[in-house]
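The values are calculated or read from the model by the stated rules, or taken from the named source; none is laboratory data. Only a predicted model underlies this, so the values are computations on that prediction, with no experimental measurement involved. Every residue, glycine among them, receives a Cβ derived from its backbone with ideal geometry; neighbour counts consider all protein chains shown.
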Amino acid sequence: MPRKLFMIALAVSIALAAFLAIASPAVRHSSALLSADECGGTDLQAKAAAPAEGAPSSAWGSLPPYPSAPISSTGTAAVRPPAVPLVTHDPYFSIWSMADRLTDDRSKHWTGKPNGMMALAVVDGKPFRLMGPEWRRIPALAQTSLSAGPTRTVYTFSGAGIEATLTFLSPLLIDDLDIMSRPLSYVTFDVRSADGAEHSVAFYYDASAEIAVNSADQKVIWTRAAVDDLTVLSFGSRDQPVLERKGDDLRIDWGFFYLAAPRQPGLGSSIAPERESRNAFSQSGRLPARDDLRMPRPVADGSPAAALSFDLGKVGPQPVSRWLMLAYDDQFSIEYFYRKLRPYWRRTGWEAADLLAAAARDYPALSERCRAFDEKLLAAMTASGGPKYAALAALAYRQSIAAHKLAADYDGTPLFFPKENFSNGCISTVDVIYPAAPMYLLLNTELVRAMLTPVFEYARGPEWKFPFAPHDLGTYPMANGQVYGGGARTEENQMPVEESGNMIILAAALARMEGKADYALKYWPQLERWAAYLKDKGLDPENQLCTDDFAGHLAHNANLSIKAIVALRSYADLCAQTGKKVEAAAYTKLSVEFARKWMAMADDGDHYRLAFDKPGTWSQKYNLVWDKILGYNLFPPDVARKEMAFYTKSQLAYGLPLDNRKTYTKIDWVLWTATLAETPADFAALLDPIFDWLNKTPTRVPLTDWYYTDSGVKAGFQARSVVGGVLIKMLADKTAKK
């Protein structure tokens, strides 16, 4: 039977009429309001009220419990994340706690702008805060632990005779794109008596309309609905400027946010000013009797919020659990060469109602799948690099995925678009794909193809006329052509050796992980052209930018030269796999000759130089890691040994600087450099200062990959996908076993 999404309560208002006109692609609604009996009311006015919901249908029966134990910390090191991931899906739906305790600060979008959420508990008639700093007159229940894994963040609390757990689950199962692409997180509240006595407990959660706008002066509208056995509250901007904005420090202002929970005894819901809902719950354990109908209005006018409350009744030693869902349907995600792309989860015609119903149905199974996934991945991370490495890598995993958007091309092909968060806002930047790629090569190569395909397609189109690879595809979320440097017009401020080397190396790494080079064959003319460019320009690069463009132009860049040399050998590898034996032999010979020349050109006694013409300088040779991963052995082991010995003497308090010019470093590159180590002790020598930085940095934002190693202060960038490169140690271990 077709599922219908009934729009209730607000049809009488002009604002709701506007909402339905805008939201019709997102929700399916009946042509008439529910009858009074169906609504549980007696007249139209009752439909505008927000009473506690009725009993659940037999489809729900008893609500599935969420396991109350926090994520196991076995094998991982205790860590104080600079920012804690809560709801992490894409560059627009990405909410974090940037404090030690969940009650210390308002939750925020990764950009630092408020995306407020609040959680309260009333225990035996007394209110306590679990989340949010507002209303400090209400005491905070003591937070006793925090655990952040690949898909889940778990907070535990204790006091007032109870123990409580608040779990944020974003099911980013990288091996299941249908699930990973769902823009939906679960929040679960578990509680039990800690003193043996029974306690009356109620739980409250709200989400601000801030989540649906770029700035608080924008007007919002809202509604409530029913999807199967779910109660659904929704916000959206009035104007719905779909894909009209592009840039870096931006939040979404189109599409619709949803807060939903299964209908059940004791469930209350309201859409009202956040102060009104919080005040009503803290005083009575209940929500306002009616929704606020004054709309559209700016978010700054009264701070409207969607709220749910759960009356759990008497709670004893046995855990009692309730859960809710947070979702965002952007409807259209990316403009790709002037075509609007749907999010991947919508590619088969799904709408918001389908997303919510499926997510509710899948909750018990997904919660267990994510638990198993986290435990398995954390164990693998620990086995590869130790407990400190696992703690860092777990944070990197979720952040990297959430800095991308998975969209569907016209034929359903997945396309994975990274955003340069707080670096310049570019979309599909090649030297952002390159550092992020190790995680995806390790865990799902389909996503590597989904990142590379838009770049290859652009490079073989009529606009791109240069003999080297492009830098980017535009400014997020508009992937309509390069905007960096000279764009597609001139060679000014391009990264010719950098991006050409990146694309060739990643094509070879993809072929290695998949055991075939079919994908590379599709784009052979581009690979061939870029290899020829590196043959002429790669050994001794001219004055140009590389991925570390914040350091400025540099000629004779030794680390960039390594990239070109490894890329030439990678091209030879691809030639060999595709039956081009003559080319394979020629490029193999060339790369071996270049490597030998490099050692003489870069030698500076006990280390190798930053630039061939600059004695007394040094730099991290992080590009050398691909020679190890791909097993080319172009450079003898003594090269890495000499560099590692020098690096361990050159570190500052919070890590190894990028080079001799400044004290800043890059997390991804340090982990690549550390992966060159031949012993666990040498790897730990470079990792340990980063772990110290993780716990002590005063910059409380999602992981920055660029910071000063003397002070620990952020130099720039945050919440970027490049931290996926932290998993390169695991990739190197996997290829070594192969």
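Quick notes
- Scanning the range 169-189 for residues that are under 16 Å from Met325 (Cβ atoms) and over 14 Å from the mean Cα position of the chain (by Cα), we see that the one that is surrounded by the fewest Cβ atoms within 10 Å (Cβ to Cβ) is Ile179.
- Residue under evaluation Val123, criteria (1) in contact with a strand residue (DSSP E or B) (Cβ under 8 Å, 6 or more places away or on another chain); (2) of a type outside the set (Ser, Thr, Tyr); (3) free of Cβ contacts under 8 Å to residues at least 60 places away in the same chain, criterion not met: (3)
- Residues that are out of contact with any Lys or Arg (no Cβ under 7 Å at 6 or more places or on another chain), outside any loop (DSSP other than H, G, I, E, B) and under 23 Å from Pro698 (Cα atoms), drawn from the range 96-123: Ser97, Lys108
- Residue that is buried (at least 24 other Cβ atoms within 10 Å of the Cβ), modelled with pLDDT of 85 or more and under 23 Å from Cys370 (Cα atoms), where the choices are Leu102, Leu120: Leu102
- Note on the range 348-362: among residues that are under 23 Å from the mean Cα position of the chain (by Cα) and hydrophobic (A, V, I, L, M, F, W, C), the one that is nearest to Asp411 (Cα to Cα) is Trp350.
- Checking Ala372, Ala394 one by one, the residue that is within 30 Å of Ala194 (Cβ to Cβ), free of Cβ contacts under 8 Å to residues at least 12 places away in the same chain and not aromatic (Phe, Trp, Tyr) is Ala372 and no other.
- Matching entry among Val713, Val726, Val722 (being touching a residue at least 12 places away in the same chain (Cβ under 8 Å), in contact with a strand residue (DSSP E or B) (Cβ under 9 Å, 6 or more places away or on another chain), surrounded by 24 or more Cβ atoms within 10 Å (Cβ to Cβ) and not assigned by TED's automatic domain parsing to the domain that holds Asp100): Val722
- Residue selected from the range 132-160 under the condition in contact with a helix residue (DSSP H, G or I) (Cβ under 7 Å, 6 or more places away or on another chain) and assigned to a strand (DSSP E or B), by the criterion surrounded by the fewest Cβ atoms within 10 Å (Cβ to Cβ): Ala148
Conditions tested, residue by residue: (1) more than 25 Å from Lys696 (Cα to Cα); (2) assigned to a helix (DSSP H, G or I); (3) in contact with a helix residue (DSSP H, G or I) (Cβ under 8 Å, 6 or more places away or on another chain); (4) of a type outside the set (S, T, N, Q).
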site	(1), (2), (3), (4)
Met601	yes, yes, yes, yes
Asp606	yes, no, yes, yes
Lys614	yes, no, no, yes
Val625	yes, yes, yes, yes
Phe635	yes, no, yes, yes
Asp638	yes, yes, no, yes
Arg641	yes, yes, no, yes
Tyr647	no, yes, yes, yes
Pro657	no, no, no, yes
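- Within the range 528-540, the residues that satisfy the criterion of being touching a Ser or Thr at 6+ places or on another chain (Cβ under 9 Å) and within 19 Å of Gln577 (Cβ to Cβ) are Arg529, Trp530, Ala531, Leu534.
- Tally of residues being in contact with a helix residue (DSSP H, G or I) (Cβ under 8 Å, 6 or more places away or on another chain) and assigned to a helix (DSSP H, G or I) across the range 681-715: 10
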